[in-house]
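*Asks:* The structure under discussion is supplied below as C-alpha cells; questions concerning it will follow.
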Amino acid sequence: MNQPLKIILVEDHSLCRSGLTDLLNQRGQMQVAAATGDAEQVPTLLQEHQPDLLVLDLRMPSIDGLALLRRLRAAGFETPALILTMSDAQEDLAAALRLGVRGYLLKDMEPEDVIAAIGRAARGELVVAPSLMLKLAQMLQHGAPGGERQDLLASLTERELEILEHLARGESNKTIARALEISHDTVKLHVRHILSKLNLSSRVEAAVFAVEARAAKAR
C-alpha cells in the first residue's frame with residue numbers, strides 16, 4: 001500500500017488550520033504531518049518530516065507567505081509549495097509563480113475542490129484556482145509569438161527539450177531525475193538553462209510555454 005502524501009500546513013487562523021487538517025486527513029491519500037501558525041517553526045518541521053508539499057497562507061501577521069518561501073529557498077529548502085489565500089490579485093499570483101510554486105488556490109473555492117487540488121499538487125501537478133485562469137492567460141499572452149517561440153525552442157539542446165516536456169506534465173525535479181536516470185542537481189541545472197534561454201521566470205511559465213508551442217506546431 002502506498003504511503004500517504006505528507007503535507008505541512010502553515011496557516012495563522014486556528015479554525016481554518018484545524019478544519020483543513022481534518023479534511024486532508026480524512027482522505028486516505030494524504031496526511032498532515034504538521035500544522036502551525038508560527039512561521040519560525042517551519043524550517044524545523046521541514047527537516048523533521050520531509051513533506052511532499054508545503055501549503056502556505058499568503059497573509060500572516062509575522063511574515064508574508066512569499067517572504068517565508070524566499071527565506072526557505074535561500075536556506076536550501078526545496079520542498080514544493082502551494083499558496084492557499086484569499087487574494088486573487090494578479091500581482092500576488094505573478095509573484096508566487098515567479099517563485100516556482102506548485103499551486104495557487106483561493107480559500108473561497110469549494111472545500112472538496114481545494115482538497116483535490118492539494119492532492120494533485122502533492123503528486124507533482126501544477127494547480128491554479130479556476131477563477132484565476134483568465135488572469136494567468138493575460139499574464140502569459142505577452143510572451144513570445146509563435147515564430148519567436150519556435151526560434152527559442154530551437155536554442156534548446158535535446159536534453160533540455162526532453163526536460164521541458166516533463167515540466168509540461170507538471171513533474172518535480174526528483175521525478176524527472178528518476179525518469180531520465182540523471183541526478184537531481186543535473187535536472188536543476190538544466191531547468192535554469194531552459195528558463196534563461198526561453199526568457200522565463202518560473203517552471204509554470206515553462207510548462208505553459210511548452211504546451212502552447214506544441215499546440216501551435218499542431219495547427
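The values are calculated or read from the model by the stated rules, or taken from the named source; none is laboratory data. This one's a predicted model, so the numbers in the text were calculated from it and none came from an experiment. Here the Cβ positions follow ideal geometry from the backbone for every residue, glycine too, while neighbour counts run over all protein chains shown.
*Asks:* Kindly indicate the residue of region 76-86 that is free of Cβ contacts under 8 Å to residues at least 60 places away in the same chain and within 17 Å of residue 17 (Cβ to Cβ) and also surrounded by the most Cβ atoms within 10 Å (Cβ to Cβ) among those meeting that condition.
*Replies:* In this case the residue turns out to be 83.
*Asks:* Go through the residues of region 56-75 one by one and say whether even a single one is closer than 18 Å to residue 116 by Cα and surrounded by 14 or more Cβ atoms within 10 Å (Cβ to Cβ). If you could, list the steps in order and put the result at the bottom.
*Replies:* If we filter region 56-75 for residues that are closer than 18 Å to residue 116 by Cα, which is where we start, we get 56-57.
Cutting the leftovers down to surrounded by 14 or more Cβ atoms within 10 Å (Cβ to Cβ) gives us 56-57.
So far as region 56-75 goes, yes, one or more of its residues are closer than 18 Å to residue 116 by Cα and surrounded by 14 or more Cβ atoms within 10 Å (Cβ to Cβ).
*Asks:* How do the pairs read when you match residues in region 39-51 that are in the same structural domain as residue 124 (by TED's automatic domain parsing) with residues anywhere that are part of a helix (DSSP H, G or I) and of a type outside the set (Phe, Trp, Tyr), using Cβ under 6 Å and keeping only pairs 6 or more apart or on different chains?
*Replies:* Once the first residue is in the same structural domain as residue 124 (by TED's automatic domain parsing) and sits in region 39-51, its partners that are part of a helix (DSSP H, G or I) and of a type outside the set (Phe, Trp, Tyr) give 39/68.
*Asks:* Only residues that are more than 13 Å from residue 98 (Cα to Cα) and surrounded by fewer than 20 Cβ atoms within 10 Å (Cβ to Cβ): list them for region 197-210, please.
*Replies:* Answer for region 197-210, where residues must be more than 13 Å from residue 98 (Cα to Cα) and surrounded by fewer than 20 Cβ atoms within 10 Å (Cβ to Cβ): just 197.
*Asks:* Would you list the strands (runs of 3 or more DSSP E) that sit entirely within region 1-116 and hold 3 or more residues that are under 19 Å from the mean Cα position of the chain (by Cα) and under 19 Å from residue 136 (Cβ atoms)?
*Replies:* On the way: elements: 5-10, 30-36, 53-57, 81-85, 103-106.
Qualifying strands (runs of 3 or more DSSP E): 81-85, 103-106.
*Asks:* Given the conditions (1) of a type in the set (A, V, I, L, M, F, W, C); (2) over 30 Å from residue 9 (Cα atoms); (3) modelled with pLDDT under 85, report the number of the one that residue 161 does not fulfil.
*Replies:* With (1) of a type in the set (A, V, I, L, M, F, W, C); (2) over 30 Å from residue 9 (Cα atoms); (3) modelled with pLDDT under 85 applied to residue 161, the lone miss is (3).
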